[in-house]
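Have a look at the structure below before the remarks.
Bear in mind that the values in this text are calculations on the coordinates, not laboratory data. In this text, all values refer to a predicted model and were calculated from it rather than measured experimentally. Cβ coordinates were reconstructed from backbone atoms using ideal geometry, including for glycine residues, and neighbour counts include every protein chain displayed.
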Amino acid sequence: YTTSQTTIVFIVVALVCAFVPAFSVEDAEAISLWDTCLLKISPKCAVDIIGVVFENGTITDACCHDLVQEGKVCHDTLIKYIADRPLLVSHETQYLKKSADLWAHCVSISQTA
């Protein structure tokens, strides 16, 4: 891991630990989706995806394939959840655009593979 990837992992773990217990009853569906989605992708690919959207990281073709297999609902939900955090929300529009660009890139890679 690079220092940057380690930092991203720490941030994600901190966000999950800090905010998941704060969900209300109506957010039970979001928690379930979060848990389901995280099971569909490897931790390394999850870090790469977060790195692409929230920093200037890169993603491998294999991780792109995993992302497309995960599904757009999972991808959008997880990115939106992270982007909604108080420290990140001021740049949410930028992150959501990068997320959409990443999705389009990965779909095109998966179709040619």
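Points worth noting:
- Judged by the ratio a/c of the largest to the smallest principal axis of the C-alpha gyration tensor, segment 56-113 counts as prolate, that ratio being 1.5 or greater while a/b is larger than b/c.
- Residue 87 paired with residue 56, simple spin-label distance in nm, labels 7 Å along Cα-to-beta-carbon: 2.1
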